[in-house]
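The values are calculated or read from the model by the stated rules, or taken from the named source; none is laboratory data. Source: prediction; values computed, not measured. Neighbour counts run over all protein chains shown; Cβ positions are idealised from the backbone, glycine included. Just so you know, the surface numbers come from the protein's heavy atoms only, side chains and all, with ligands and any DNA or RNA stripped out. Shrake-Rupley method; radii C 1.70, N 1.55, O 1.52, S 1.80 Å.
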Amino acid sequence: MSTHSSGVLSRVPGFCGILLAMAALAVVPFPVFAAEHWIKVTSPHFELYTLSGAKSGREAILHFEQVRMFFLRASPAKQVPAFPVRIVAFRTENQYKPYRISDAAFAYYAGGESRDYIVMQNISPESYPVAIHEYMHLILRHTKLKLPLWLNEGLADLYSSLKPLGNRAFIGDLLPGRVQTISTSKALDLPTLTAVDQHSPMYNERNKAGIFYAQSWALTHMLYLSKDYRPNFPKFLRAVASGKPEPDAFSEAFGKTVPQVQKDLREYLTSRQLFGATFDIKLEHSAEEPDIVEVSEFGSDMLLADLLAVTGKRAEAIAAYGRLAEADGKNPEIEESLGYLAWISNDTIAARKHFGRALELGSQNPKMCYQYALLERQAGLGANSVIPALKKTLELKPDYAEARLVLGHFALEARDFPLAFANLRLVKNVTTEQAIPYFSALAYASYETANLEEARKAAARAKELAKTPEELERSEQMLRYVTQDRPAQSMKPPGVPGLSQESAPPRIARRPPVLDPDTSESPESGRPVLTRGERVKRVEGTAKHMDCVNGRIHVLVESNEMVFAIPDPKAIVVQSADATSFEFKCGPQKPFPIAIDYVLSSQPQAGIAGNVRTLVIK
């Protein structure tokens, strides 16, 4: 047995292996509820609704807490949902049938704007592996790792084998169904396996998918747990998540070619012993003592109505919410759910209306409050509407990092520097995509509130993280700005890049251009800032679509669609006929004439004509 920092490797029997027994849970008294009544079991990170009784509910929620703790200990990517995951466990097939997504799904994961769901036909321990497989898909989605399909499915399968053993967990046990498939089916070569995507017959056709799933599990098992591959598995994961093809990732992480990996996999599967690993998973005290209550009739009806909505049964969901509103028209939960139903139907006007009504009725849902703020912002409402909603969000959930980050950026746009600094300095973790905008914003807010040392550190950090010439140039401008003598303030502040995330769409408003000491134009010229050597081109056409996620605008020019990048919404000039302001809504645009001044990017991208410098709204 050899020890590793993230766990202890141990050998488990090969294809004739014996499954390890789960540790028995301590015997504790439970409330007694009627057999067909829903109960709710709540732990710090899950809320479980079940018809199977308190004892089974407690055992199940502790199992999920252990799986979550295992993931935090064992995974190279440690992002988990910010809000509790809702688990719904029926007791019989007939109870589950109206809410299942397919005849073959004994459990499934459903992600929505409101919350994440794991839905199970029943809560028996035999169902845990399928449910944990779906939970791992949920976790992997939250890590935002862009993994190839085989690795995504392989990791979900591997994690589903977790066996709690008191304060430890074992992973790596054999999955009998996968073993059977490998023993009786013709193996895929690795190029075929790694090329499978969500549209491939090998993934979608039942008679072909079995070997894909089985081999994905087997390859992941070897890479994650075998002594020759395990030490460098995190490096491999980072390589494929960055978009590198598997042959390059195998070579970079393990120093092996595809034929060598395939040979090792054959030998691994025919060996008499495979590897497993154990990890410490000591739970926090609050997780070991979940709350157990009986659900009211209204609560169970709301639960099932929400399930109809999240599984796409819109008409049935509307009817169910209507019946609930007749019984209790002043319950904020109904308005919240109606708002989410409108949102997933792309009716943001109705969503805002329902969310606003829910707040008036006393909603205590911080996630809805945050999303209401974003919808208000997207609708073009200003700081007086958006900032109070974000503050309310953080009153309800002070550790909501995403809301605090957005509030900091929005306060910076509103030039409320103390509010921006107070919130940005409390953000501890940001994604790779958020890092440069975050440190640039923190540097600016710190400087404007006379926190000069923090401003310099943040600006230097943004420069360290810069990867493109454009990012480097802008971060250097910020560093120069925050290191100038503050009373003199000879420079105007450079633009702060916007958050690169779907939930915080860029706002584009008419404003003076940013002053760059090395530019060929001045702010008074009414022209965009240009670095030396740049040449502006102009096209005229019709605005078609604003892609807020990727920072792009689509324009129809003489029957041809052209796409232009907007790397930094705050660094462009918008000119409109009313000479005041203009703000795009995200998504398809009501057609209107527009002219675009643009320059070619220093790093051209396929399909992108160039970077916007000026938008002229006609």
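Within region 453-482, the set of residues being open to solvent by 70 Å² or more (accessible area, probe 1.4 Å), over 27 Å from the mean Cα position of the chain (by Cα) and among the acidic types (Asp, Glu) comprises just one member, GLU453. Restricting the first member to region 187-212 and to residues that are among the hydroxyl-bearing types (Ser, Thr, Tyr), and the second to residues that are open to solvent by 60 Å² or more (accessible area, probe 1.4 Å) and assigned to a loop (DSSP other than H, G, I, E, B), the beta-carbon pairs closer than 9 Å and six or more apart or on different chains are THR194/PRO245; TYR203/ASP197.
Kindly check whether there is at least one residue in region 187-197 that is open to solvent by less than 20 Å² (accessible area, probe 1.4 Å), over 25 Å from LYS144 (Cβ atoms) and either out of contact with any Ser or Thr (no Cβ under 7 Å at 6 or more places or on another chain) or at pLDDT 90 or above (or both). Yes, region 187-197 contains a residue that is open to solvent by less than 20 Å² (accessible area, probe 1.4 Å), over 25 Å from LYS144 (Cβ atoms) and either out of contact with any Ser or Thr (no Cβ under 7 Å at 6 or more places or on another chain) or at pLDDT 90 or above (or both). Within region 219-263, the only residue that satisfies the criterion of being among the basic types (Lys, Arg), out of contact with any helix residue (DSSP H, G or I) (no Cβ under 8 Å at 6 or more places or on another chain) and at pLDDT 90 or above is LYS263. Regarding region 369-379, can at least one residue be identified that is open to solvent by 60 Å² or more (accessible area, probe 1.4 Å) and either at pLDDT 95 or above or more than 22 Å from the chain's Cα centre (by Cα) (or both)? For region 369-379, residues open to solvent by 60 Å² or more (accessible area, probe 1.4 Å) and either at pLDDT 95 or above or more than 22 Å from the chain's Cα centre (by Cα) (or both): absent. The residues in region 310-345 that are free of Cβ contacts under 8 Å to residues at least 40 places away in the same chain and either within 17 Å of ALA110 (Cα to Cα) or not in a helix (DSSP H, G or I) (or both) can be counted, and the count is 10.
When each of LEU269, LEU308 is tested for being over 31 Å from the mean Cα position of the chain (by Cα) and buried (at least 16 other Cβ atoms within 10 Å of the Cβ), the lone residue that passes is LEU269.
Highlighted here are the helices (runs of 4 or more DSSP H) found entirely within region 348-435 that include at least 1 residues which are of a type in the set (S, T, N, Q), within 24 Å of VAL80 (Cβ to Cβ) and touching a Ser or Thr at 6+ places or on another chain (Cβ under 9 Å): 366-378. Candidates in region 339-368 are the residues that are among the polar types (S, T, N, Q) and out of contact with any Pro (no Cβ under 9 Å at 6 or more places or on another chain); of these, the one that is most open to solvent (accessible area, probe 1.4 Å) is ASN346. Say whether the condition of being crowded, with 17+ Cβ neighbours inside 10 Å and at pLDDT 80 or above is met by at least one residue in region 579-595. Yes, because at least one residue in region 579-595 is crowded, with 17+ Cβ neighbours inside 10 Å and at pLDDT 80 or above. Consider region 326-338 and keep the residues that are of a type outside the set (Val, Ile, Thr), under 22 Å from PRO98 (Cβ atoms) and surrounded by 15 or more Cβ atoms within 10 Å (Cβ to Cβ). The one that is nearest to the chain's Cα centre (by Cα) is SER337. Set side by side, the residues SER251, SER216 differ, and just one is at negative phi, part of a helix (DSSP H, G or I), surrounded by fewer than 21 Cβ atoms within 10 Å (Cβ to Cβ) and of a type in the set (Ser, Thr, Tyr), which is SER251. Counting only residues that are surrounded by fewer than 19 Cβ atoms within 10 Å (Cβ to Cβ), in contact with a strand residue (DSSP E or B) (Cβ under 7 Å, 6 or more places away or on another chain) and not charged (D, E, K, R), region 140-179 holds 1 of them. Scanning region 426-452 for residues that are β-branched (Val, Ile, Thr) and open to solvent by 70 Å² or more (accessible area, probe 1.4 Å) returns a single hit, THR432.
Of everything in region 70-92 that's more than 19 Å from the chain's Cα centre (by Cα) and at pLDDT below 90, which residue is nearest to ASP116 (Cα to Cα)? It comes out as PHE70.
Of the residues examined, ALA320 is not one that is over 19 Å from TYR99 (Cβ atoms) and open to solvent by less than 40 Å² (accessible area, probe 1.4 Å).
Of all residues in region 170-208, which are outside any helix (DSSP H, G or I), farther than 30 Å from PHE279 by Cα and of a type in the set (Val, Ile, Thr)?
Of everything in region 170-208, just one residue is outside any helix (DSSP H, G or I), farther than 30 Å from PHE279 by Cα and of a type in the set (Val, Ile, Thr), namely VAL196.
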